[in-house]
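The values are calculated or read from the model by the stated rules, or taken from the named source; none is laboratory data. Please read these numbers as outputs of a predicted model, since none were measured by experiment. Ideal geometry is used to build each Cβ from the backbone, glycine not excepted, and the neighbour counts take in all protein chains shown. Heavy atoms of the whole protein, side chains included, go into the accessibility calculation; ligands, DNA and RNA do not. Shrake-Rupley method; radii C 1.70, N 1.55, O 1.52, S 1.80 Å.
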Amino acid sequence: MEDLHFIERLERVSGRHIEMALGLYRDPDLVRFVLERSAAPETERVAISLDDPRTGPFVIVTREGHFVTCLGAGMAVKDMPIVTRERLTRLGNQHLELRERLAFLEVAIGDQSSVQKLARGLFDRAHRVSRETIMVGTMVAPLIRQELAGRLVGIGQRIDAFLRSAPRYLHRRDRLSSRDVELLETFWGDVWRLAHLTLLVHSGERETLDVIFDPLDNVEGMGPAALLFAGLGVPFWPVLARTLWAAARGGKRMLPSLKMLLGGSCALNPLGATTALALMALARAHPKYRAEIIKALRVGDGDTRYLALTTRAYRSACVDLLTQASEPAALLRGSRLSTIRVGALLDGQQLEPDVLSAQVDEPVVHANLYRGRVLLTNDRVDLMAAPAATRALLFSGMPDLVTLEPEDFYWSESDVARYEPAWTPAHSLAIIERVVATDALTLARPSPVVRSATPGRNEPCSCGSGKKYKRCCGA
């Protein structure tokens, strides 16, 4: 009945707007997409502007996407929230892109078994995920971003729970049971799932990230940084590199929550150091926030008494790097050349002089940049224990890091076998050793056994056997 009324009221709209109104009427999926992503207050009806956001004309729809009526130019919408023409156009373009992605996926993954294959490729191959798999993953991610964000938080909590009891594996590393090996492999997979999901959740158009950021504004006071908390706390560079990239993607929405995290309890442990790096990455991606971030990172004389030594050092280093005057273009070129040099160093190869003098888009540079980026972002370096020179090399690549696409973090399928060996328990134990060494998380260690005074001969034995002391430990 409402739809019939809408058709009858089309006469209120001028000729040049009728086609747009009918286009919306014929595309209910688009209308629902727009309503789901508009930040309008919860009301029964919403006005969609076809032209001027104040005077209209307007199409009136219900929250469920049913069409109610048309209001001509100058007719009042009263207290209904308005979706502006500009926002309608932007969301319409996003919806078109998502349709194209769905069409691509129908060809790329075909049937249900292929969808399952894609999921296995993303979540079961750990460090051996290829750039081809990630490229398809980024096509899917915008369609299920909120679900992926929920899974990201869940995996972070699972890693945290595992690490609280993980030191025991170090004590029996030479006599691991089959169950120990199974749990260590699951942990390794979770660490890489955290890395992959961090990229996928923050991929796509920045405007679409509001879908996951809005519900987080009041989560434990952390806001959008809640999605980065686990990645900042795992002392493993492949995870941290992707987390820094995600922090830069968050831009203005991420900045307040990172500043809050920097000044919170994480200032007392190495998590403060990785939060400082996240702020530096954000400043590199968004120079307009550089002065605000430098101010937040500066360590005052009164701060040194409570900041962890590692946090002080990293905050000071980040300030020094951000205050160096450089043109953005020159800084980016220098960063890419540094990435190429580090990649060659990690790969044990010598660079030809013409590589460093060539333009970045030339094939010889492009090939070396591809190798350098993947090696740099996946190196197993212990960042907290690394020499200052090694850290400086990694930080010099930051301007390039924040410009990467998700697939730039990964080897092609043909290179995975060459550069990524199969998992062994030593891979997982190395991360646990770093957690224990840096105290990146508050680890729950077994409480020491406190023995009571020696019981009487006829009293129950303190060992808990149920026997009298004289017939047990006192025999």
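Counting only residues that are open to solvent by 40 Å² or more (accessible area, probe 1.4 Å) and in contact (Cβ under 8 Å) with a residue 12 or more places away in the chain, how many does region 40-60 have? Residues flagged as open to solvent by 40 Å² or more (accessible area, probe 1.4 Å) and in contact (Cβ under 8 Å) with a residue 12 or more places away in the chain within region 40-60 amount to 9. With respect to the conditions (1) under 15 Å from Arg193 (Cβ atoms); (2) modelled with pLDDT of 75 or more, Leu122 lacks only one, and its number is (2). If you check Arg16, Arg9, Arg37, Arg101 for being charged (D, E, K, R), open to solvent by less than 50 Å² (accessible area, probe 1.4 Å) and at pLDDT below 75, only one passes: Arg101.
Taking the conditions exactly as written (in contact with an Asp or Glu (Cβ under 7 Å, 6 or more places away or on another chain), surrounded by 14 or more Cβ atoms within 10 Å (Cβ to Cβ) and in a helix (DSSP H, G or I)), does Ala226 satisfy them or not? When the stated conditions are applied, Ala226 passes them. For Thr243, the criteria (1) open to solvent by 10 Å² or more (accessible area, probe 1.4 Å); (2) at pLDDT 90 or above; (3) among the polar types (S, T, N, Q) hold in every case but one, which is (1). With respect to Gly204, determine if the residue is at positive phi and not aliphatic (A, V, I, L, M). In short, yes.
Would you call Ala308 at pLDDT below 75, touching a helix residue (DSSP H, G or I) at 6+ places or on another chain (Cβ under 8 Å) and over 27 Å from Asp408 (Cα atoms)? When the stated conditions are applied, Ala308 passes them. Quick check on region 166-187. Is at least one of its residues under 21 Å from Ala241 (Cβ atoms) and touching a residue at least 40 places away in the same chain (Cβ under 8 Å)? Yes, region 166-187 contains at least one residue that is under 21 Å from Ala241 (Cβ atoms) and touching a residue at least 40 places away in the same chain (Cβ under 8 Å).
You will find that of Arg158, Arg145, the residue that is touching a residue at least 24 places away in the same chain (Cβ under 8 Å), under 26 Å from Ala278 (Cβ atoms), surrounded by fewer than 17 Cβ atoms within 10 Å (Cβ to Cβ) and not polar (S, T, N, Q) is Arg158 and no other.
Out of the residues in region 342-373 meeting the condition of being modelled with pLDDT of 75 or more and under 25 Å from Ala276 (Cβ atoms), tell me which one is most open to solvent (accessible area, probe 1.4 Å). Explain how you work it out, then say what you get.
Of region 342-373, the ones modelled with pLDDT of 75 or more are 367-373.
Subsequent filtering for residues that are under 25 Å from Ala276 (Cβ atoms) retains 372-373.
Details: Gly372: 0, Arg373: 35 Å².
Here the residue is Arg373.
The residue list Pro446, Pro425, Pro460, Pro455 contains one member that is more than 30 Å from Ile340 (Cα to Cα) and at pLDDT 85 or above, which is Pro425. In region 250-275, the residue that is modelled with the lowest pLDDT out of those that are farther than 15 Å from Met222 by Cα and buried (at least 21 other Cβ atoms within 10 Å of the Cβ) is Pro270. From the list Arg32, Arg63, the one residue that fits, being closer than 28 Å to Phe213 by Cα and open to solvent by 70 Å² or more (accessible area, probe 1.4 Å), is Arg32. Among the residues of region 421-438, those identified as over 18 Å from Val381 (Cβ atoms) and either loosely packed, with under 14 Cβ neighbours inside 10 Å or within 20 Å of the chain's Cα centre (by Cα) (or both) are Ala422, Thr424.
Out of region 396-420, which residues are assigned to a helix (DSSP H, G or I), hydrophobic (A, V, I, L, M, F, W, C) and surrounded by 15 or more Cβ atoms within 10 Å (Cβ to Cβ)? Scanning region 396-420 gives Met398, Leu401, Phe409, Val416.
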